Amino acid sequence: MLCDSAQVAEGKLYILGGGWSVTGPGLAPMAIALRIDVDWASAEEAHHWELFLEDADGGQVVFETPEGAQPIEVRGDFQVGTPQGVPEGSDVPVNLAINMGPLPLPAGGRYTWRLMIDGESKEEWISTFTTRPAPLQAL
């Protein structure tokens, strides 16, 4: 879920300004709140996740930095284990909060955050948003 800010505390996911799909124009903070349900059978395994920001054509969004052009991507790992008191066979939730500073995205664009877990992506793991067009300048 796209939101203004997110936090994980004591296993709970706290979301501020969640569920938007239009932002800008101009700079605004952005966060992605994720709940990943891990199958009981793979709860003991280590998992790798990646989030990629893509443009309307499916290409990675890149920005110039002092080190050269860099794609907007975030990655990490998790391993949940099987929590005490959770019935065997249950999915085990993992909550993640990824907060970002403002991204200088052009006005009037369409973008997608694509999540991959262990090299796999599913249609329901994407979140698409639009940046509003720039306001018309008065003459």
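The values are calculated or read from the model by the stated rules, or taken from the named source; none is laboratory data. Only a predicted model underlies this, so the values are computations on that prediction, with no experimental measurement involved. Every residue, glycine as well, gets a Cβ built from its backbone with ideal geometry; the counts of neighbours run over all protein chains shown.
Of everything in region 50-84, what is of a type in the set (D, E, K, R) and touching an Asp or Glu at 6+ places or on another chain (Cβ under 8 Å)? Give them in sequence order.
Scanning region 50-84 gives E50, E73, R75.
Give D39, D57, D77 a once-over and let me know the one that is surrounded by fewer than 15 Cβ atoms within 10 Å (Cβ to Cβ) and closer than 21 Å to A6 by Cβ.
Matching residue, one of D39, D57, D77: D77.
Tell me, yes or no, whether region 97-110 has at least one residue that is in a strand (DSSP E or B), modelled with pLDDT of 95 or more, among the small types (G, A, S) and crowded, with 17+ Cβ neighbours inside 10 Å.
There is at least one residue in region 97-110 that is in a strand (DSSP E or B), modelled with pLDDT of 95 or more, among the small types (G, A, S) and crowded, with 17+ Cβ neighbours inside 10 Å.
Residues of region 19-66 being in a loop (DSSP other than H, G, I, E, B), in contact with a Gly (Cβ under 8 Å, 6 or more places away or on another chain), of a type in the set (G, A, S) and under 24 Å from T130 (Cα atoms), which ones?
Answer for region 19-66, where residues must be in a loop (DSSP other than H, G, I, E, B), in contact with a Gly (Cβ under 8 Å, 6 or more places away or on another chain), of a type in the set (G, A, S) and under 24 Å from T130 (Cα atoms): just A56.
Hey, could you check region 130-139 for residues that are among the hydrophobic types (A, V, I, L, M, F, W, C) and either free of Cβ contacts under 8 Å to residues at least 24 places away in the same chain or more than 28 Å from P25 (Cβ to Cβ) (or both) and say which is surrounded by the most Cβ atoms within 10 Å (Cβ to Cβ)?
L136
Can you work out which of the residues in region 42-54 that are surrounded by 13 or more Cβ atoms within 10 Å (Cβ to Cβ) and closer than 22 Å to S127 by Cβ is nearest to the chain's Cα centre (by Cα)?
Going through the qualifying residues, I end up with L51.
Those residues that are at pLDDT below 90 and either touching a Gly at 6+ places or on another chain (Cβ under 9 Å) or surrounded by 10 or more Cβ atoms within 10 Å (Cβ to Cβ) (or both), I need them from region 83-94; list them, please.
The answer is P83, V86.
Looking at S121, S127, which one is within 30 Å of E44 (Cβ to Cβ), crowded, with 16+ Cβ neighbours inside 10 Å and among the hydroxyl-bearing types (S, T, Y)?
After applying the criteria, what remains is S127.
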